[in-house]
Amino acid sequence: MALKEKLFEKIEGWRPRTTKLLKEYGDVKVGEVTIAQAIGGVRGVRCLTTDISYLDPMEGIRFRGYTIPETLEALPKVPGSEMPYVEGFFYLLLTGDIPTEEESADVAAEFKKRSKVPGYVLDVLRAMPEDSHPMAMISAAVVAMQKESEFVKKYNAGISKMDYWDPTYEDAMNLLAKLPEIAANIYRLKYKNGELIAADPNLDFGGNFAHMMGIDKPYDEISRLYFLLHSDHESGNASAHTGHLVSSTLSDMYYSISGMIDALAGPLHGLANQEVLAWIQGVMKKMGGKIPNEEEMKKFVWDTLNSGQVIPGFGHAVLRKTDPRYQAQREFCLKHLPDDPIFKFVDGLYKVVPPILEKQGKAKNPWPNVDAQSGVIQWYYGLKEYDFYTVLFAVGRALGVCANIVWDRALGYPIERPKSLTTAMLEDVAGIK
Ligand code: CMX
């Protein structure tokens, strides 16, 4: 069944569940909030709802109930490729169903129809200072397209609340279809003398992105894997939550995804993937280009910690085990680039860092996250400009956040507005005189 039709069927089936929970069980308690949580970044407070993915602290992410290996196994593959269509994966995120080959191809055709990037986006990108960060560029490119929003047009014409999901879905499809070209253009503008490569209408989302980047096979495979792995991590992480929060005001998809990108650009979140490579390069420079041995690595890790910095690519707010997104990329490396020196370095860190973080006794999770491994693969296949890495994360994350926002509208989630307390009020709650 075509994506939009299937989505509507799912929405109609889902709405009574949300309405029943709200109307009949609205007073049932989900949990309590401690002072540590009110001060400490709302960590662990269960106060959001999403059905697109769920993050178990020990097991890691499941997309619509499927683990990463199950997702990769179940989805229809691009012909001649080991990896699934990103387009089919978006079908899964939106509907919860594994698409058939035909349904996957339908979404690919829909994206193709909507993929032409307006000329003014390039003008905006070209007008930005040469030393603009690629994340600032993609955020600006997305928000520049805000005037295209179908939601805004329909809202201004007086659409019913029950139908908000429809133009929101249109905005999601229109925006996602353009992201590979926008991202590749940013790369070519910034690092390849502005020599852009035209899209190939015969290629899928991941394949076309690799083509427009100007990087040979198997970079198309990495792109598909990368976009899928980075898509969603339930809705409390900073980028997904920002997208949700912005859209909860009925701001459209363009504003929401631009905000999502801005949150992802912080070094404690998506930017950690560039930080990992920068850190490794820094160490190698100090070693005169040589890969440090285990003892030397331990010293660099302690030096970094003792200078008050975090070890990028390690730790997580929810996970308490090695991130399966790290594992999936590690398996790719073991298969395709087992002897690469940077991979060996990162693999060495996998042995060295967790016991040190445990000994230091601060990080609740000493294990590597998705960002520890992702730069290695990019570097190996020729993408050495590591301040571009988070843009790849952003294209992937947009898939999950767009799916979430369409469902937020479908289920009528209200404007988000947690309650603040003052320090004095917390002291009162604590019984401090
Ligand atoms: N290196 C050194 N110290 C770390 C650490 C790391 N990798 N991870 C956590 N800690 C420290 C924290 O800074 C904190 O120290 P203070 O008490 O001095 O403030 C303490 O351990 C407790 O933190 P936590 O509860 O374990 O972790 P948080 O939920 O507060 O933060 C995260 C999670 C990811 C921001 C943190 O682990 C970190 O900074 N990691 C390095 C950056 C990184 O890889 N980010 C990417 C995460 C994945 C993503 O979103 O892309």
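The values are calculated or read from the model by the stated rules, or taken from the named source; none is laboratory data. Just so you know, these numbers come straight off a predicted model, no measurement behind them. Backbone-built Cβ (ideal geometry, glycine too); neighbour counts: all protein chains shown.
Screening K298 against (1) within 22 Å of G361 (Cα to Cα); (2) near the ligand (Cβ under 7 Å from one of its atoms); (3) not aliphatic (A, V, I, L, M) leaves a single unmet condition, (2).
In summary, N293 fulfils each of the numbered conditions (1) modelled with pLDDT under 95; (2) of a type outside the set (K, R); (3) surrounded by 19 or more Cβ atoms within 10 Å (Cβ to Cβ); (4) away from the ligand (no atom under 16 Å from the Cβ) with the single exception of condition (3).
Of the residues screened, G40 is one that is surrounded by fewer than 13 Cβ atoms within 10 Å (Cβ to Cβ) and not acidic (D, E).
Being more than 16 Å from the ligand (Cβ to nearest atom) and without any contact (Cβ under 8 Å) to a residue 40 or more places away in the chain narrows it down to one of N185, N193, so name that one. None of the other options fit; the residue is N193.
Highlighted here would be helices (runs of 4 or more DSSP H) found entirely within region 112-170 that include at least 2 residues which are surrounded by 15 or more Cβ atoms within 10 Å (Cβ to Cβ), aromatic (F, W, Y) and under 22 Å from the mean Cα position of the chain (by Cα), but there are none. Counting only helices (runs of 4 or more DSSP H) that sit wholly inside region 328-430, those with at least 2 residues that are within 30 Å of K290 (Cβ to Cβ) are 341-360, 371-380, 389-410. What are the pairs, 6+ residues apart or on separate chains, where a residue within region 373-397 that is of a type in the set (D, E) has its Cβ under 8 Å from a residue that is within 15 Å of the ligand (Cβ to nearest atom)? Once the first residue is of a type in the set (D, E) and sits in region 373-397, its partners that are within 15 Å of the ligand (Cβ to nearest atom) give D387/Q274.
For region 273-305, which positions are among the polar types (S, T, N, Q) and not in a helix (DSSP H, G or I)? Passing the criteria: only N293. Taken over region 353-385, the criterion of being more than 25 Å from the chain's Cα centre (by Cα) and surrounded by fewer than 18 Cβ atoms within 10 Å (Cβ to Cβ) is satisfied by P355, E358, K359, Q360, G361, K362. Scanning region 273-290 for residues being among the β-branched types (V, I, T) and within 10 Å of the ligand (Cβ to nearest atom) gives a total of 1. The residues of region 334-350 that are among the charged types (D, E, K, R), touching a residue at least 24 places away in the same chain (Cβ under 8 Å) and out of contact with any helix residue (DSSP H, G or I) (no Cβ under 7 Å at 6 or more places or on another chain) amount to a single one, K344. The set of residues in region 21-45 being farther than 17 Å from A238 by Cβ and in a loop (DSSP other than H, G, I, E, B) consists of G26, D27, V28, K29, V30, G31, E32, V33, T34. Of D347, D340, D371, all but one fail to be at pLDDT below 95, within 20 Å of P57 (Cα to Cα) and among the acidic types (D, E); the exception is D371.
Just one residue in the set G270, G308 is within 10 Å of the ligand (Cβ to nearest atom), at pLDDT 95 or above and part of a loop (DSSP other than H, G, I, E, B); that residue is G308.
The single condition from (1) within 16 Å of the ligand (Cβ to nearest atom); (2) without any contact (Cβ under 8 Å) to a residue 24 or more places away in the chain that Y326 fails is (2).
Is at least one residue of region 423-432 aliphatic (A, V, I, L, M) and surrounded by 14 or more Cβ atoms within 10 Å (Cβ to Cβ)?
no
Of the residues that make up region 180-188, is at least one surrounded by fewer than 18 Cβ atoms within 10 Å (Cβ to Cβ) and within 21 Å of I377 (Cα to Cα)? Yes, because at least one residue in region 180-188 is surrounded by fewer than 18 Cβ atoms within 10 Å (Cβ to Cβ) and within 21 Å of I377 (Cα to Cα).
Scanning region 238-264 for residues that are surrounded by 23 or more Cβ atoms within 10 Å (Cβ to Cβ) and within 11 Å of the ligand (Cβ to nearest atom), we see that the one that is farthest from K384 (Cα to Cα) is A240. Would you pick out the residues in region 343-381 that are acidic (D, E) and within 13 Å of the ligand (Cβ to nearest atom)? Hits for region 343-381 are E358, D371.
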